[in-house]
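A.B. asks: Take this structure first; my questions come after.
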Amino acid sequence: MEQLILTEHAKIRMTARRIPAVAVEMTLLYGREKHVKGSTFYAIGRREVERFKDTGVDLSEYEGIQVVCAQGDVVVTAYRNRDFSGLRPRRPRGRSRRLRGRLVNSWTYEVAA
């Protein structure tokens with residue numbers, strides 16, 4: 001892997017959270033990649049640990065590590081979180097289903113039988 005580029009914020013957070021640079025490298029190499037809000041998230045979860053166990057790569061001590069990268073693979077921050085719900089795509093806002101019927105006024109629909 002090429003040289004790891006860390007922002008000052010990432011260095012401070014990694015030190016405070018006791019996340020070694022090797023954990024960030026392993027996450028960038030073996031973690032799942034998700035593009036969210038203009039950033040790229042890399043994360044090692046249970047699935048990655050199980051998938052790479054067969055190939056001889058032990059990721060169990062890095063499970064839950066998430067790394068946020070800006071454009072150009074610059075590491076912005078790293079943290080531990082086993083909850084990946086923030087990486088899931090969100091439903092669009094507004095009504096989830098289209099209403100069928102005729103608009104009576106601005107807040108009432110008349111549904112055709």
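The values are calculated or read from the model by the stated rules, or taken from the named source; none is laboratory data. The shown structure was predicted, so the numbers you read here are calculated from the model rather than taken from an experiment. Using ideal geometry, Cβ is built from the backbone for each residue, glycine included, and neighbour counts are taken over all protein chains shown.
A.B. asks: Return yes when residue 112 is over 23 Å from residue 2 (Cβ atoms), aliphatic (A, V, I, L, M) and modelled with pLDDT of 95 or more and no when it is not.
C.D. replies: no
A.B. asks: Which numbered condition in (1) surrounded by 14 or more Cβ atoms within 10 Å (Cβ to Cβ); (2) assigned to a helix (DSSP H, G or I); (3) without any contact (Cβ under 8 Å) to a residue 60 or more places away in the chain; (4) aliphatic (A, V, I, L, M) is the only one that residue 10 fails?
C.D. replies: Here residue 10 clears every test but (3).
A.B. asks: So residue 44 passes all but one of these: (1) modelled with pLDDT under 80; (2) on the phi < 0 side of the Ramachandran plot. Which condition number does it fail?
C.D. replies: Looking at each condition in turn, residue 44 falls short on (1).
A.B. asks: Let me ask another. Considering only region 13-83, give the strands (runs of 3 or more DSSP E) lying wholly within it that have at least 2 residues that are in contact with an Asp or Glu (Cβ under 8 Å, 6 or more places away or on another chain), among the aliphatic types (A, V, I, L, M) and surrounded by fewer than 15 Cβ atoms within 10 Å (Cβ to Cβ).
C.D. replies: Ranges flagged: none.
A.B. asks: Still on this structure, please answer the following. Any idea how many residues of region 6-22 are farther than 13 Å from residue 77 by Cβ and of a type in the set (A, V, I, L, M)?
C.D. replies: Summing the residues that are farther than 13 Å from residue 77 by Cβ and of a type in the set (A, V, I, L, M) in region 6-22 gives 2.
A.B. asks: Mind checking which residues of region 54-68 are more than 13 Å from residue 29 (Cα to Cα) and either within 19 Å of the chain's Cα centre (by Cα) or touching a residue at least 40 places away in the same chain (Cβ under 8 Å) (or both)?
C.D. replies: Passing the criteria: 60, 61, 63, 64, 68.
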